[in-house]
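See structure below.
The values are calculated or read from the model by the stated rules, or taken from the named source; none is laboratory data. What you see is a predicted model, and the numbers here were worked out from it, not measured in a lab. Positions of Cβ are backbone-derived with ideal geometry, glycine not excepted, and every protein chain shown enters the neighbour counts. Accessible surface areas use protein heavy atoms only, side chains included; no ligands, DNA or RNA. Shrake-Rupley method; radii C 1.70, N 1.55, O 1.52, S 1.80 Å.
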Amino acid sequence: MMYATLIVQAEADKDGEARIALAAGLAGQFGALLIGMAARDLVPPVTAPLAGPVVVAALLTSQAEDIQKYLDASEQQFRAITGKQDQRFAWRSSIDNPAKAFAREGRAADLLIVGRQPESAGSRPSRHLDPGEVLMRAGRPVLIVPPGLSHLDATRIVVAWKDSREARRAVADALPLLKRATSVLVLEIYGTPGDQEDAKAAVDDVAGYLSRHGVAATAETRLLREASVSAELLLAAEQHGAELVVAGGYAHPRLQEWVFGGLTRTLLGHFPKCCLLSH
């Protein structure tokens with residue numbers, strides 16, 4: 001399997017330029033089509049109690065025009081970075097909920113590349129793409145890019161293993177990147193000494209599976225000693241010199257919303273390295 005098509009969140013925000021450059025670099029490595037994507041949604045206007053439908057319609061029309069200007073500016077930025085005439089690049093945009101639109105367009109791609117949701121964006125899903133919602137909706141692997149990062153070689157990768165469906169899916173989805181890496185560490189972090197034997201058997205199996213796919217994989221287990229699993233994982237990634245972490249994205253539905261586990265929340269929102277997540 002190879003990545004033949006990538007989609008990148010290509011909005012005209014402060015991190016968009018770096019994210020597009022990173023995605024273009026990955027597309028070049030795989031000879032893939034790169035689709036730039038941007039979306040913003042209309043917000044029902046707050047009007048006076050006596051405002052009629054004509055007033056509301058006028059406000060929505062004005063808002064749609066402003067959104068279209070933003071989408072046009074996003075396309076201009078994408079084209080400026082990737083080159084207008086290169087047929088390996090394409091553009092899509094939508095006046096729609098960003099996460100919903102991005103997940104929908106993911107049907108055309110092997111990998112979705114997004115940035116982190118801004119800290120202040122939780123109450124503005126019409127304006128800011130929620131990477132967690134994309135992960136749960138898209139049915140595709142999602143690459144989360146930290147702010148300002150414009151290049152990813154991914155020559156050294158850590159697979160954050162947990163014996164689950166999501167982790168198995170992530171390893172399979174990441175194979176094109178794992179095969180290109182010079183060093184892949186399959187790591188399970190366990191909580192008590194009694195868990196070590198099972199953890200070792202699991203990571204040995206995964207490393208063997210990857211090796212049979214031509215991946216330069218080794219296995220390691222670690223007893224949790226840091227304050228959290230994410231801190232232990234970051235320490236291991238730093239020691240391995242890894243640029244990318246591959247992991248399953250774990251969540252449970254509650255009241256029609258997805259509630260993520262602690263590690264997934266960190267990988268989505270705070271981890272300083274690129275993370276490829278699958279659900």
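Worth a mention:
- Accessible area of the chain divided out per residue, in Å², using a probe of 1.4 angstrom: 48
- Once backbone amide H atoms are built at 1.01 Å from N, HIS279 has GLY249 as its partners under 5 Å, excluding neighbours fewer than 5 places away on the same chain.
- Segment ARG212-ASP153, extension gain: residue separation times 0.36 nm, minus the distance between their alpha carbons: 19.0 nm
- The orientation-averaged projection of the convex hull spanning the C-alpha atoms of the range 190-252 amounts to 5.4 square nanometres.
- Of all DSSP beta bridges in the chain, antiparallel share, percent nearest 5: 15
- Linear extension gain, ARG180 paired with GLN76, 0.36 nm per residue minus alpha-carbon span: 34.3 nm
- A Gaussian network model of the chain, with springs between Cα atoms under 10 Å, assigns the largest mean-square fluctuation among ALA23, ALA181, ALA170 to ALA181.
- Label-point gap, in nm, between ALA90 and LYS14 - each point 7 angstrom along Cα→Cβ: 3.3
- Taking Cβ atoms as reference points and 15 Å as the exclusive limit, the residues near ALA202 contribute a net charge of -4, counting Lys and Arg as +1 and Asp and Glu as -1.
- Cβ-based net charge around GLN68, under 15 Å, with every Lys or Arg adding one and every Asp or Glu removing one: -3
- Within the range 89-246, the proportion of C-alpha pairs whose separation exceeds 24 Å stands at 41%.
- Accessible surface of the chain [probe 1.4 Å, protein heavy atoms]: carbon and sulfur percent: 51
- Note on the range 162-272: Rg/Rh from Cα positions, Kirkwood definition for Rh, rounded to two decimals, is 0.96.
- Converting phi to 3J(HN,Hα) with the Karplus coefficients 6.51, -1.76 and 1.60 and the offset θ = phi - 60°, the range 269-279 yields x, 9, 5, x, 10, 4, 10, 9, 10, 9, 10 Hz in sequence order, with x at every glycine or proline.
- With both labels modelled 7 Å from their Cα along Cα-to-Cβ, the HIS270 to LEU42 distance reads 3.9 nm.
- Mean projected area of the Cα convex hull of the chain, taken over all directions, amounts to 16.3 nm².
- Fully extending the segment from ASP205 to ALA58, taken as 0.36 nm per residue of separation minus the present Cα-Cα distance, adds 46.8 nm.
- In this calculation the C-beta distance from LEU224 to SER164 is compared with R0 = 30 Å, giving a FRET efficiency of 0.95.
- For the range 181-193, 3J(HN,Hα) computed residue by residue from phi via the Karplus equation (6.51, -1.76, 1.60; θ = phi - 60°) reads 6, 8, 8, 10, 10, 9, 10, 10, 9, 10, x, 9, x Hz, glycine and proline entered as x.
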